[in-house]
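Reviewing the structure listed below.
The values are calculated or read from the model by the stated rules, or taken from the named source; none is laboratory data. Small disclaimer: the values here were computed from a predicted structure and weren't measured. Cβ placement follows ideal geometry from the backbone for every residue including glycine, while neighbour counts extend to all protein chains displayed.
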Amino acid sequence: MRILVLSDIHANLTALEAVLQAAGNFDATWCLGDLVGYGPDPNECVQAVRQLPNLLCVVGNHDAAALMQIDADTFNPEARSALLWTRRQLSQESRDFLSNLPEKLEVDRVTLAHGSPRHPVWEYLLDTRTATTNFDFFDTPLCFVGHTHLPVLYSQHNSDHLARLNIPEPNQAVPLAERAILNPGSVGQPRDRDPRASFAIYNQKENTWDYRRVEYEIDAVQKRMANAHLPDRHIQRLAAGW
Ligand code: ZN
């Protein structure tokens, strides 16, 4: 079974289409949340994700905020203005889909969450100490998360006090440790200074993680954002990948 692992699409349909094209054949799709927020294509992205084969999807903080489950004032001013725009755009169909997404899922050997297994919607796994603590909050061997928009791999080894942090090389399938927390990076708004869309293929049988990057037409997305009067800083950051 080849599973396409997506996260943080952020209403960027051009990036999502490039990822789907680059992914090749896959049997199932696991989506780690934040389908909307920041980008110009919220309904189109929800629609495209819904049609992916054998989809499992958890809710992200931006999805929850777009449904008004989270107060817009907890976001910075630009994120807030993008959020209010997204709220106005979302169709009833998109809202229904997003509002039915669970916060956390367990499937076979993997736990899926947007932020972390401990606080699925909001916690950022940005350092090894936080990651190490989070290994106590899931029962499966593996946990897949998004939220930071940074592709990383944390692994736990018996003799170590701290989890090990690895930044994988793109386009190389790596064998997975017995216990690991993995982040495929962001499809629609990468933040590791590489503007290419990020995703991963998890090969369940081989137990490998194949993390990949793919170019997409960033300027086409920036034009749609400008036409929608979305914040300038969000338009600029796409090209720089932060
Ligand atoms: Zn996000």
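If you go through the range 74-95 and keep only what is closer than 18 Å to H119 by Cβ and either outside any helix (DSSP H, G or I) or within 17 Å of the chain's Cα centre (by Cα) (or both), you end up with just F75. Evaluating V19 against the criteria (1) closer than 15 Å to A228 by Cβ; (2) of a type in the set (A, V, I, L, M, F, W, C); (3) in contact with a Phe, Trp or Tyr (Cβ under 7 Å, 6 or more places away or on another chain) leaves one unmet condition, (1). Pairs linking a residue in the range 6-17 that is under 8 Å from G188 (Cα atoms) and among the acidic types (D, E) to a residue that is within 11 Å of the ligand (Cβ to nearest atom) and part of a helix (DSSP H, G or I), with Cβ atoms under 9 Å and 6 or more positions apart or on different chains, are D8/H62. Specify the residue that is nearest to the ligand (Cβ to nearest atom); the eligible residues are those in the range 38-57 that are in a loop (DSSP other than H, G, I, E, B), of a type outside the set (A, V, I, L, M, F, W, C) and in contact (Cβ under 8 Å) with a residue 24 or more places away in the chain. Going through the qualifying residues, I end up with Y38.
Taken over the range 58-73, the residue count meeting the criterion of being more than 14 Å from the ligand (Cβ to nearest atom) and either on the phi < 0 side of the Ramachandran plot or in a helix (DSSP H, G or I) (or both) is 5. Within the range 99-111, if we keep just the residues that are of a type in the set (A, V, I, L, M, F, W, C) and out of contact with any Pro (no Cβ under 9 Å at 6 or more places or on another chain), the residue that is nearest to M68 (Cα to Cα) turns out to be L101.
Only strands (runs of 3 or more DSSP E) whose full extent lies in the range 148-187 are considered here, and the ones with at least 1 residues that are free of Cβ contacts under 8 Å to residues at least 24 places away in the same chain and either in contact with an Asp or Glu (Cβ under 8 Å, 6 or more places away or on another chain) or surrounded by fewer than 19 Cβ atoms within 10 Å (Cβ to Cβ) (or both) are 164-166. The condition of being in a helix (DSSP H, G or I) and of a type in the set (S, T, Y) does not hold for T111. Reported count of residues in the range 131-147, each being assigned to a strand (DSSP E or B) and either free of Cβ contacts under 8 Å to residues at least 24 places away in the same chain or at positive phi (or both), is 0.
Report, by residue number, each residue of the range 127-146 that is touching a strand residue (DSSP E or B) at 6+ places or on another chain (Cβ under 9 Å) and more than 23 Å from Q204 (Cα to Cα).
Correct list: D127, T128, T132.
Exactly one residue among L105, L35, L98 is within 13 Å of the ligand (Cβ to nearest atom) and either at pLDDT 95 or above or not in a loop (DSSP other than H, G, I, E, B) (or both), and that residue is L35. R191 meets the conditions (1) assigned to a loop (DSSP other than H, G, I, E, B); (2) over 17 Å from the mean Cα position of the chain (by Cα) in every case but one. The failed one is (2).
Residue-by-condition table, conditions (1) within 30 Å of H234 (Cβ to Cβ); (2) among the polar types (S, T, N, Q); (3) within 16 Å of the ligand (Cβ to nearest atom):
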| site | (1), (2), (3) |
| --- | --- |
| N134 | yes, yes, no |
| F138 | no, no, no |
| R164 | no, no, no |
| V174 | no, no, no |
| I181 | yes, no, no |
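Counting only residues that are surrounded by fewer than 16 Cβ atoms within 10 Å (Cβ to Cβ) and modelled with pLDDT under 90, the range 40-76 holds 7 of them.
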